[in-house]
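Report on the structure given below.
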Amino acid sequence: MIVRHITALLKGLSITLKEFFSRKSTQQYPEEKRQPYAAYRGIHYFRPGENGEERCVACGLCAAVCPNHCIFIEAAESEDELKHPERQYAEIYSIMLERCLFCGYCEEACPKQAIALSRRYDMAVNTRNQMIYTKDKLLAEGLELDEESVGGEIKKTGRRSLWGA
Amino acid sequence: MKLTIESKKVEIEPGATILQAAEKAGVYVPTLCHDKRLKAYGSCRMCLVEVAGSRKLLTACSTPAADGMVVSVNTERLNEIRRRLLELLLVHHPLDCPVCDASGACRLQDMTFEYGVTSGDFSDKRKDIPVVTNSPMIERNMGRCIFCGKCVRVCDEVKGVRAIGYSGRGFEGSVGTAFGVPMDCEFCGNCVASCPVGALTSKPFKNKARPFFLSEETSVCSYCGTGCRLKLDYSDPEQHSFLQGKLWRTRPDDQDELTAGSFCGRGAFGYEYVHSADRLRSPYVKRGRKQEQSDWPRALDAAADGLREVASRYGSAAVAGIISSQATNEESYLLSKLMRVGLGSGMICAPAGLGELAWREAAFEILAGLPTAAAGEITAADLLLTVESDLSESHPVLGIRVLQAARYGGARLIYASARETKLSHYAASDLRIKPGSGAVLMAYLGRCLLEKVKRRGGLKGLLGLGEFTSSVRKLTAGKTARATGISVGELTDLADQLDAAKKPLLLISHLAHETQKGSDYARAAANLAYLLARLKGCDPPVVFASEFSNSRGVLDMGGDRSLYPGGNLEEVEKIWDVKVPGATGLAAAELLEKIEAGQIKALYIAGLDPATQLLGGARWGKALRKLDFLVVQDIFATEASRAAAVVLPGVSWAEKEGSYTNFSGRVGTFKPVVKPLGLARTEWQVMMGLMERFGVAANYPDLAALRCEIEKLLPGYFSGKTRNNKPGGTLMPFVTKGLVEKPGGKYRFLMLSGNSLFQLGSYSGHSAALSERMPRPVVEMSGRDAVRLKLANDDLVEVVSRRGKLRGKLKVVEGNISGVVYVPAYVPGAAAAALLPAPDSKGRAVGCAVAVRKVR
């Protein structure tokens, strides 16, 4: 009877002891940050254009496809050909992140590969207002992220894609 | 004729096309270049169908259906052909859908999706053609064009303008103007509306909103009396990703039998006033000398107290009301009730419909109602007579009807006017008559017809015959020829044509600013219509185009002195359950005189600015400042509102529920699509608030309840069942009344004024696109006069009358009669009203003598 209790205790302690010397699985967040998987969908950002232009042309497909209606766009016409080569641009672009379910449809629908979802997940803020990601914020976010995280390769088929060049 | 389409049997009239048969059978045939308003074109080949027994494929839009045809629409072979056609179109199409305005409402996009064209076997360079932006209002992006030719054909076949055409050949082909000059046309927007892709875009709408985010509501146009149904595209923040509700654009309604899918520049580009920065956003109440922002309860109290005080001090006859002809039926009814019951004053008038009123009075005496044919009658007619009225400018969509009847319907168009306009070019006989002689012309034609009716014994039961006969006895052909300036031969020819025609139709407008038309014009027109009715055994064949969106409704609702809703005072007293003050006979002219004489001390103005919109504008401006108490309800700040003691901000038609009655009595209802701006409130709610303060029962929880009460007086008004032109009646003696002011001496030109394509009422001036198009009046002058004054096209000229002056750009019209200048009314900052004399109580045409000089 007693022996049985002692073996059980030793068994338990052996695990404790083993874990004591094995590699730690906890992380010192926020000093240390977890690297999510490649397909992880986190906070949105605007991919910068090749020549510094804005890719978004305010076509509204992201807002149209968004299941939670959290994207608001107001289009306008621009005179600045360098910044907005297609003249139409988003005067107001905002995402209400607290409503977003990170489905990534906006990224999929975007014909200009302007919006994308990064692997950033740390979005805790103090006020609701800070959860509204405006165009400036999205653009700044895009410049901060390195090229590696810029995804969305265009698929190439045998027949010429009508949407290609 | 019977035929089988996709195994559905259908019976149609001979002459119909396979496409029309398919439509009737409910079979969908894809088309890109087809438009029911246009002649068959057959360029896109999307509507190819297989017909049993024919080796060739046939285009459904241009092939007449034959008896016993067996047609297939959706075979694999046809679908493969359609796929290939689309692939070929997409070789050059830029596929810039993300920035294209048509995206979401694009026929090419829809079909590409429908036929699953995701890739193509053909490749070539995409077109890279610069966008043509040099025209006002309309932008042409020819890279997107698929050459369906609809815009070019609409411009020619529907509008008769031919502003755009094809240029270049093959791959270089494009749609443009001659020599690439900026478009200078009517800017009716029909080309933009008909474009199946985004090749033609409207500048005010471009790059602003996506069609798939917009909600649609069928409404009525708020400008002229044609009453075209419009589709409003607006954003609804609750449904789509918009931060605010806004009216983004208007489109024609192709289901509307009146318009058949066309509209005009005012309808297409005139909606911007809804969101104009000049709108009144809050009530104002005068404290001391300054107007101060206020809230509704205080403003309504101030308005009610002020009116009541004047009424108790000077009697209720010292309080009067003026209502705009763009007020809805419901508002007019409420104002009429508020004035008559609440204030006990019968002094209410709708002066912007001055012309209408003259006509109405003539018609009342003759026909016991306002007789006017519907738009369909224009198409059915075989002779159209238009006297000193240019419907293609004042009522562009009716103008389209007239043109179509004259060009394709086999109708003879007789155009008699002092001006050369678009109609002159399509008229079978274009008669240049002296200004103001239209009444004499019609009276003479009446005299000729009288003989003919008498010979056929059609005068039975006609009253006033003796007086009429003796009044026109001396009006011989020679005398008429001298008065009108056309030859005796032409006159007798005209009378014979009227006699010979099976379905003649008189096309008349009688607008407030038409200085050459007085009550004699209305009488002559009504007499002629009545005699024609007797001669042809039909309803009076006359289209009387009313000026504003609700000119007619305001009068129907009792918005003017001797008129009561339903026309019967006893009935009104029964329904309202009060003693209604009798008619005081207050015409706009008398109202003005009474204000000047200090007999009227308080005025309630609903929706108009007398200084810029009414005849004798300059006098009105001064008279308003003499009033003890002025309440102005308007959507914009005006000269009147600045002088007002209480300003009540109203809302535009896109923000309220209501109805407008068009020229033929069709009632068009509309619903709000955007929220009222700022603190502004719908007029009918404000009037109810005032009624409450005057202790008048206003138990209308919604407009439906109010309409119910109106229908008690006017049975079936809102379902369009009230129109009845009673047979029988009286002819009126014809007396030429002449003009209030004749040209002579220093002021040697007679100024004619009328409604232009781009400026009408106060709304157009606050619509950016329209104002940009006509920032200053275009002053028309005959070639001879221009040579004499050494003036040329585009010179800046000053038109000076005894009362005021305006500056405009000169346009030399060779065909105009000399001694006449034409100035469009309602141009902001250059109101023709300020130059015009006030009308007199005798109902004479005002006339206006002016001098023209070049500004250096």
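The values are calculated or read from the model by the stated rules, or taken from the named source; none is laboratory data. Note that the structure is predicted; figures quoted are calculated from it, not measured. Using ideal geometry, Cβ is built from the backbone for each residue, glycine included, and neighbour counts are taken over all protein chains shown.
Does the stretch A:51-64 include one or more residues that are loosely packed, with under 10 Cβ neighbours inside 10 Å and either within 14 Å of chain B (Cβ to nearest Cβ) or of a type outside the set (Ser, Thr, Tyr) (or both)? The answer is yes, given that some residue of the stretch A:51-64 is loosely packed, with under 10 Cβ neighbours inside 10 Å and either within 14 Å of chain B (Cβ to nearest Cβ) or of a type outside the set (Ser, Thr, Tyr) (or both). Residues that are of a type in the set (A, V, I, L, M) and either assigned by TED's automatic domain parsing to the domain that holds B:Cys221 or within 29 Å of B:Thr226 (Cβ to Cβ) (or both) are absent from the stretch B:688-702. For the stretch B:47-62, the criterion of being on the phi > 0 side of the Ramachandran plot, at pLDDT below 95 and either touching a strand residue (DSSP E or B) at 6+ places or on another chain (Cβ under 7 Å) or surrounded by 14 or more Cβ atoms within 10 Å (Cβ to Cβ) (or both) is met by none of the residues.
For the stretch A:94-104, the criterion of a residue being of a type in the set (Phe, Trp, Tyr), in a loop (DSSP other than H, G, I, E, B) and modelled with pLDDT of 90 or more is satisfied by at least one position.
Is at least one residue of the stretch B:746-762 over 28 Å from B:His395 (Cα atoms), of a type outside the set (Ser, Thr, Tyr) and not in a strand (DSSP E or B)? Scanning the stretch B:746-762, I find at least one residue that is over 28 Å from B:His395 (Cα atoms), of a type outside the set (Ser, Thr, Tyr) and not in a strand (DSSP E or B), so the answer is yes.
Would the stretch A:30-51 turn up any residue that is small (Gly, Ala, Ser), modelled with pLDDT of 90 or more and either within 19 Å of A:Ser118 (Cβ to Cβ) or outside any loop (DSSP other than H, G, I, E, B) (or both)? Checked against the condition, which is being small (Gly, Ala, Ser), modelled with pLDDT of 90 or more and either within 19 Å of A:Ser118 (Cβ to Cβ) or outside any loop (DSSP other than H, G, I, E, B) (or both), the stretch A:30-51 yields no hits at all. Of all residues in the stretch B:40-71, those satisfying the criterion of being more than 21 Å from B:Asp110 (Cβ to Cβ) and either aliphatic (A, V, I, L, M) or not assigned by TED's automatic domain parsing to the domain that holds B:Glu23 (or both) are B:Ala40, B:Val51, B:Ala52, B:Leu57, B:Leu58, B:Ala65, B:Ala66, B:Met69, B:Val70, B:Val71.
In the set (1) farther than 26 Å from B:Thr133 by Cα; (2) within 7 Å of chain B (Cβ to nearest Cβ); (3) assigned to a loop (DSSP other than H, G, I, E, B), the condition left unmet by A:Phe72 is number (3). Scan the stretch B:125-136 for residues that are within 11 Å of another protein chain (Cβ to nearest Cβ) and more than 36 Å from the chain's Cα centre (by Cα) and the total you get is 2. The single condition among (1) more than 19 Å from B:Ala769 (Cα to Cα); (2) in a loop (DSSP other than H, G, I, E, B); (3) of a type in the set (A, V, I, L, M, F, W, C) that B:Met183 does not meet is (1). Here B:Met111 meets each of (1) within 12 Å of chain A (Cβ to nearest Cβ); (2) over 24 Å from B:Lys203 (Cα atoms); (3) in a helix (DSSP H, G or I) with one exception, condition (1). For the residues B:Val161, B:Val154, B:Val91, B:Val117, the requirement of being within 14 Å of chain A (Cβ to nearest Cβ), touching a residue at least 12 places away in the same chain (Cβ under 8 Å) and crowded, with 18+ Cβ neighbours inside 10 Å singles out B:Val117. When restricted to residues that are within 9 Å of the chain's Cα centre (by Cα) and assigned to a strand (DSSP E or B), the stretch B:381-397 contains 0.
Counted as qualifying within the stretch B:791-843 are the strands (runs of 3 or more DSSP E) with 2 or more residues that are over 19 Å from B:Arg419 (Cβ atoms), basic (Lys, Arg) and at pLDDT 90 or above, namely B:805-813.
Of all residues in the stretch B:201-245, exactly one satisfies the criterion of being part of a loop (DSSP other than H, G, I, E, B), hydroxyl-bearing (Ser, Thr, Tyr) and over 20 Å from B:Thr669 (Cα atoms), namely B:Ser241. Inspection of the stretch B:185-196 identifies no residue that is more than 27 Å from the chain's Cα centre (by Cα) and more than 14 Å from chain A (Cβ to nearest Cβ). Exactly one residue out of B:Ala439, B:Ala477, B:Ala443 is without any contact (Cβ under 8 Å) to a residue 60 or more places away in the chain and small (Gly, Ala, Ser), and it is B:Ala477. Consider B:Gly478 carefully, then state whether it is assigned to a helix (DSSP H, G or I), closer than 30 Å to B:Ser753 by Cα and more than 33 Å from the chain's Cα centre (by Cα). Yes: the conditions hold for B:Gly478. Every condition in (1) over 27 Å from B:Glu272 (Cα atoms); (2) within 14 Å of another protein chain (Cβ to nearest Cβ); (3) of a type in the set (Asp, Glu) is met by B:Glu139 except one, and the failing one is (1).
When we screen B:Arg55, B:Arg37, B:Arg45, B:Arg77 for residues that are part of a loop (DSSP other than H, G, I, E, B) and more than 30 Å from B:Ile400 (Cα to Cα), the only hit is B:Arg55. One residue alone among B:Ser664, B:Ser659 is closer than 30 Å to B:Glu377 by Cβ, at pLDDT below 90, crowded, with 18+ Cβ neighbours inside 10 Å and not assigned by TED's automatic domain parsing to the domain that holds B:Leu243, and that residue is B:Ser664. When you check A:Ala109 against the structure, is it touching a residue at least 40 places away in the same chain (Cβ under 8 Å), more than 9 Å from every other protein chain (Cβ to nearest Cβ) and surrounded by fewer than 19 Cβ atoms within 10 Å (Cβ to Cβ), yes or no? Here the answer is yes, as A:Ala109 does meet what is asked. Of the candidates B:Asn755, B:Asn699, the single residue that is surrounded by fewer than 18 Cβ atoms within 10 Å (Cβ to Cβ) and of a type in the set (S, T, N, Q) is B:Asn699. Being aromatic (Phe, Trp, Tyr), crowded, with 16+ Cβ neighbours inside 10 Å and at pLDDT 90 or above: is that true of B:Tyr521 here? Judged against the criteria, B:Tyr521 is a match. Listed by position, the strands (runs of 3 or more DSSP E) enclosed by the stretch B:586-684 include none that has at least 3 residues that are over 16 Å from B:Ala327 (Cβ atoms) and out of contact with any Leu (no Cβ under 9 Å at 6 or more places or on another chain).
Every residue, every condition in (1) touching a residue at least 40 places away in the same chain (Cβ under 8 Å); (2) farther than 19 Å from B:Leu398 by Cβ; (3) under 21 Å from the mean Cα position of the chain (by Cα), yes or no:
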{"residue": "B:Asp256", "(1), (2), (3)": "no, no, yes"}
{"residue": "B:Thr259", "(1), (2), (3)": "yes, no, yes"}
{"residue": "B:Gly267", "(1), (2), (3)": "yes, no, yes"}
{"residue": "B:Tyr273", "(1), (2), (3)": "yes, yes, yes"}
{"residue": "B:Val285", "(1), (2), (3)": "yes, yes, no"}
{"residue": "B:Arg289", "(1), (2), (3)": "no, yes, no"}
{"residue": "B:Gln293", "(1), (2), (3)": "no, yes, no"}
{"residue": "B:Ala299", "(1), (2), (3)": "yes, yes, no"}
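Scan the stretch B:98-110 and tell me whether some residue there is acidic (Asp, Glu), at pLDDT 90 or above and outside the structural domain of B:Met46 (by TED's automatic domain parsing). Yes, the stretch B:98-110 contains a residue that is acidic (Asp, Glu), at pLDDT 90 or above and outside the structural domain of B:Met46 (by TED's automatic domain parsing).
B:Pro130 meets each of the listed conditions (1) in a loop (DSSP other than H, G, I, E, B); (2) buried (at least 19 other Cβ atoms within 10 Å of the Cβ) apart from (2). Scanning the stretch A:79-94 for residues that are more than 9 Å from chain B (Cβ to nearest Cβ) and crowded, with 20+ Cβ neighbours inside 10 Å yields a count of 3.
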